[in-house]
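Below is one structure, written out as structure tokens; the observations come after it.
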Amino acid sequence: MSEREPRTIDLQGILALLPHRYPILLVDRILDFEPGQWIRGLKNISYSEQVFQGHFPSRPVFPGVYILEAMAQTGGCLLLQDIEDRARKVIYFMGIDGAKFRKPVLPGDQLVMEVKVLSLKGRICKMRGEAFVDGQKVAEAEFMSMLMDLAEGEGK
């Protein structure tokens, strides 16, 4: 049995999926995914990240809430890719459970986010995300989110 080619999405494809833009766009590339099931994304952590100006400038650590947001955005790429008229949709957090941070993420690290769909009922999705640096788990959490229509005039 031969392995399949990875399904990837470059930055331009991510920009077409997500409404996020600099400085809050936290996914640089999608490395692989299985539609409706799981996705693996990448975020390069650079010292030039805007957050390091104020988050321990003499000892920079990538904030845990940004890691959670990067995992959620990766999951959003999975959910939005199969949605028709996705330019008129947005995914909002409903909850975060079991968030754990295991190791600091530092400038120069590559953060790999792996997100699985646990359940999808109507417009509500529950996902589990894990983030890794050099194969070591640095964070994990479960997310609940809802797919919503953009309000008239919102997001333009």
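Taking the criterion of being surrounded by 13 or more Cβ atoms within 10 Å (Cβ to Cβ) and under 12 Å from L79 (Cα atoms), the residues of segment 91-122 that qualify are I91, V115, K116, V117, L120.
Taking every residue in segment 18-31 that is within 15 Å of Q81 (Cβ to Cβ) and at pLDDT 90 or above and pairing it with any residue that is assigned to a loop (DSSP other than H, G, I, E, B) and charged (D, E, K, R), at least 6 positions away or on another chain, the pairs with Cβ-Cβ distances below 7 Å are R29/D10. Restricting attention to segment 69-94, the residues that are within 15 Å of the chain's Cα centre (by Cα) and at positive phi add up to 0.
When R86 is tested against (1) surrounded by 13 or more Cβ atoms within 10 Å (Cβ to Cβ); (2) farther than 17 Å from L118 by Cα; (3) modelled with pLDDT of 95 or more; (4) out of contact with any Pro (no Cβ under 9 Å at 6 or more places or on another chain), just one condition goes unmet, and that condition is (3). Summed over segment 42-59, the residues that are modelled with pLDDT under 95, surrounded by 15 or more Cβ atoms within 10 Å (Cβ to Cβ) and assigned to a loop (DSSP other than H, G, I, E, B) give a count of 1. Scan segment 2-20 and give yes if some residue there is among the hydroxyl-bearing types (S, T, Y) and within 25 Å of A151 (Cβ to Cβ), otherwise no. Taking every residue of segment 2-20 in turn, none turns out to be among the hydroxyl-bearing types (S, T, Y) and within 25 Å of A151 (Cβ to Cβ). Do you know which residues across segment 16-41 are assigned to a strand (DSSP E or B) and surrounded by 14 or more Cβ atoms within 10 Å (Cβ to Cβ)? Within segment 16-41, R29, I30, L31, D32, F33, W38, I39, R40, G41 meet the criteria. When I14, I45 are screened for being touching an Asp or Glu at 6+ places or on another chain (Cβ under 7 Å), in contact (Cβ under 8 Å) with a residue 60 or more places away in the chain and within 12 Å of A70 (Cβ to Cβ), only I45 passes. Counting only strands (runs of 3 or more DSSP E) that sit completely within segment 60-156, those holding 1 or more residues that are without any contact (Cβ under 8 Å) to a residue 12 or more places away in the chain correspond to 110-121.
The values are calculated or read from the model by the stated rules, or taken from the named source; none is laboratory data. Source: prediction; values computed, not measured. All Cβ positions, even for glycine, are placed from backbone atoms using ideal geometry, and neighbour counts span all protein chains on display.
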